[in-house]
Amino acid sequence: PTLARAVGELSWLLSRGYALPSSLALVGDRHQLRRRQRMAVWRAAASDASVQTRRESFVPASGWSGRELLVDGFNALITIEVGLEGGPVLVGRDGALRDVAGVHGTYRAIPSTPRAIQLALDAALRHQASACHWLFDRSVSNSGRTAERVRARMREVGMEGEVAVVESADPLLKRRPGIVCSSDGPVLDRVQAWTDLPREALDGVATWRIELGNSECEV
């Protein structure tokens, strides 16, 4: 409940044009939140304008048929892994699933990685996406190996698409056509269509979900 209130307060401040760093510090200090808790509040919060924009551009899985998915590789893959490993998966104001693991320049495959890749591709195939394009940031360690894992599995299941290691995925996600699969807030605010691949991949999997987007700030 404390985290949900903090999300409501931070979202209220963002909706009125206050800067994120100072607003997060203010809310975090008020509730005496630890670093990991502050990250959860930051990822779950969004201004009213952003929530509206994201709701309008959201494409449910029923709308994937015949369309290409453009996957923010590490963003989607890590959220699915966290869900499979029993870690907390956040549900923010915009409804997107997010994790608090993050990638800070390093990534290593874990035992659940093959299953996470398979579940993501199963979701794309189940909802008849025409292709699945994955983008992995070159600056993150093991990006090449991870891309090859995904590429090999796509060949095995007959999924059309490409897997690329790029200098920065975010600009490409904002420019390329297709339905973007990401939970990165600034990306979602700039794309014409996005969807929640981790939610569909984890459908039917028992996960620890924390609802943080339903509390409003009381003024």
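The values are calculated or read from the model by the stated rules, or taken from the named source; none is laboratory data. It should be emphasised that the depicted structure is a prediction, and the values quoted were computed from it without experimental measurement. With ligands, DNA and RNA removed, areas are computed over all heavy atoms of the protein, side chains included. Shrake-Rupley method; radii C 1.70, N 1.55, O 1.52, S 1.80 Å.
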Margin query: Taking the Cα centroid of the stretch 113-177 and of the stretch 39-87, what is the distance between the two, rounded to the nearest whole Å?
Written below: 15 Å
Check: Which angle from 0 to 90°, rounded to the nearest 10, does the C-alpha axis of helix 73-84 make with the longest principal axis of the chain?
Finding: 80 degrees
Next item on the list: Quick one: angle between helix 20-30 and the longest Cα principal axis of the chain, in degrees between 0 and 90, rounded to 10, please.
Entry: 60 degrees
Check: Angle, helix 35-44 long axis vs. longest principal axis of the chain, Cα atoms, 0 to 90°, nearest 10?
Finding: 80 degrees
Check: Roughly how many percent of the accessible protein surface of the stretch 1-98 is carbon and sulfur, given a 1.4 Å probe and a whole-percent answer?
Finding: 51 percent
Notebook entry, point to check: What do you get when you divide the Cα radius of gyration of the stretch 6-130 by 2.2 N^0.38 Å, with N the number of residues?
Noted result: 1.20
Next item on the list: Before rounding to the nearest 500, sum -39500 (n - 2.57) across all DSSP H runs of length at least 4 in the chain and divide by the residue total; then give [θ] at 222 nm in deg cm²/dmol.
Entry: -14000 deg cm²/dmol
Check: What percentage of the solvent-accessible surface of the stretch 117-219, computed with a 1.4 Å probe over protein heavy atoms, is contributed by carbon and sulfur atoms?
Finding: 45 percent
Next item on the list: Send over a whole-number figure in Å² for the accessible area per residue of the stretch 19-173, probe 1.4 Å.
Entry: 46 Å²
